[in-house]
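Data first, discussion second: the structure below is written as structure tokens.
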Amino acid sequence: MILMWLGSFVLMMFGLTKSQKSAAQMFRSFQKSFLDKNIDQPRMIKMFQYCLDVVLLEVSPQKSLYAGMGMYNLRIASLRPSALVMCLSTLGAWWVALLGMLFLSFNGSFLLGLCALGLVSVIMTPKIRTVLEWILGTGIFLIGGELVLKNSNVLIMALGQSDLAFFLADGRIVSVASILLASALISLIVRVEFWSLALGLSLLFVNVISLNGAIALLAGERVGRMILFWWHTRSLNQDCRRVGLQFSLVSIAGAILGMLLAGEVRVTLNMGYTSEMSAYQDKSLQYVILFLIILSVQFLAQMVWGHFGSTKQVDEMQDPKYISQVWLSEDFASPGVYQWAKSKIHKRLSEVRYHLQGLSTLQEGQVPGPIQARLKEEERQLSQLDVMLS
């Protein structure tokens, strides 16, 4: 019977992911136009504007974060704009926050009805298809939320009077810290972004989890995402490893501080949960507000780091260690950014090959061996990237 509730939750997560991807695809041409203007601007205001537009149109904090580091690692952009994209990446959660506010306050069947009308339309261009897929994903998310609530009795009966039920409902420090740790560990395995928001909404509305525990779910995912990001930067060059470690530590601290602040706001404003049907909309709004508080504190911490971390002098001699296949996977890669970067990577590869051809005309010993080995390794990795992006 628990599979009925689990199936509803999976449907809800599918709609969330589908709407995110469709929104990013719909905005891709606009994103490319800002990238073409060159985000590496001498004026800070222009740089901030272009980087912010790139992040907001990506509709995914995780993909914006990896895109920022990827551009710096591939030498497509300097440290300042790349770090700014990473710091602004948290703002890419705007669409997910809006979906959270719509949860159980808007009828998903209405949106699916709009999609049905669109399918019978004579005109079906790629742009119209993308818009319909965006509406479809949003409708599936909302319908999945309704089914989760409908099948909530199954979950309540399964938990019963077990220790797990009391543990989830306990809002004290031990259970909250345990949920935070568990959420962080799950985020190392589950690549679907914002699973904690969907799960928190699902459990909170049926009074299975305390509001403090639901907040810990959100913060735990943010912590887990940063640990995973640091892990992926370990294989890059020296400065990317430095940036990845510092940014991850600051982001983790920001998420934990945001969780503590969200808890204080909950107590101050007397936020809680009730069992009345009319309180569901208020409950979702309160939860999203607390979610935004966590993101806001994390964002401020990242921006403070960016102000100092992006001004550090960088050694020009970096190891030729570029992003791997993992960075280009569907869960981490920004299709718009890497599609735009493809020509620049190819240009860099042509330059390296030109230098290698020049070295072949020189006598042995004129160029130090480590420099030759560095160029050959860089040519090999760039060739692999060029093939993967083609």
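The values are calculated or read from the model by the stated rules, or taken from the named source; none is laboratory data. What you are looking at is a predicted structure, and each value in this text was computed from that prediction instead of being measured. With ideal geometry, Cβ positions are generated from the backbone for all residues, glycine too; neighbour counts draw on all protein chains shown. The area values use the complete protein model at the heavy-atom level, side chains included, leaving out ligands, DNA and RNA. Shrake-Rupley method; radii C 1.70, N 1.55, O 1.52, S 1.80 Å.
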Scan of segment 81-106 for residues that are in contact with a Cys (Cβ under 8 Å, 6 or more places away or on another chain) and open to solvent by 10 Å² or more (accessible area, probe 1.4 Å), ordered by number: 84
Conditions (1) of a type in the set (Phe, Trp, Tyr); (2) modelled with pLDDT of 85 or more; (3) over 25 Å from residue 95 (Cα atoms): number failed by residue 166: (2)
Residue within segment 14-28 that is assigned to a helix (DSSP H, G or I) and free of Cβ contacts under 8 Å to residues at least 40 places away in the same chain present: no
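Scan segment 254-286 for residues that are small (Gly, Ala, Ser) and either open to solvent by 50 Å² or more (accessible area, probe 1.4 Å) or modelled with pLDDT under 75 (or both) and report the count.
Residues that pass the stated criteria total 4.
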Single condition residue 147 does not satisfy, out of (1) outside any helix (DSSP H, G or I); (2) more than 20 Å from residue 225 (Cβ to Cβ): (1)
Complete set of residues in segment 29-59 that are surrounded by fewer than 19 Cβ atoms within 10 Å (Cβ to Cβ) and touching a Gly at 6+ places or on another chain (Cβ under 7 Å): 32, 56
Filtered residues of segment 326-347 (kept if assigned to a loop (DSSP other than H, G, I, E, B) and either closer than 13 Å to residue 65 by Cα or basic (Lys, Arg) (or both)): 331, 332, 333, 334
Residues of segment 320-346 that turn out to be farther than 21 Å from residue 230 by Cα and either touching a residue at least 24 places away in the same chain (Cβ under 8 Å) or touching a strand residue (DSSP E or B) at 6+ places or on another chain (Cβ under 9 Å) (or both), as a count: 9
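Every residue, every condition in (1) open to solvent by 100 Å² or more (accessible area, probe 1.4 Å); (2) of a type in the set (Val, Ile, Thr); (3) at pLDDT below 75, yes or no:
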site	(1), (2), (3)
316	yes, no, yes
333	no, no, no
341	no, no, no
371	no, yes, yes
Residue selected from segment 191-237 under the condition under 16 Å from the mean Cα position of the chain (by Cα) and among the small types (Gly, Ala, Ser), by the criterion nearest to residue 154 (Cα to Cα): 198
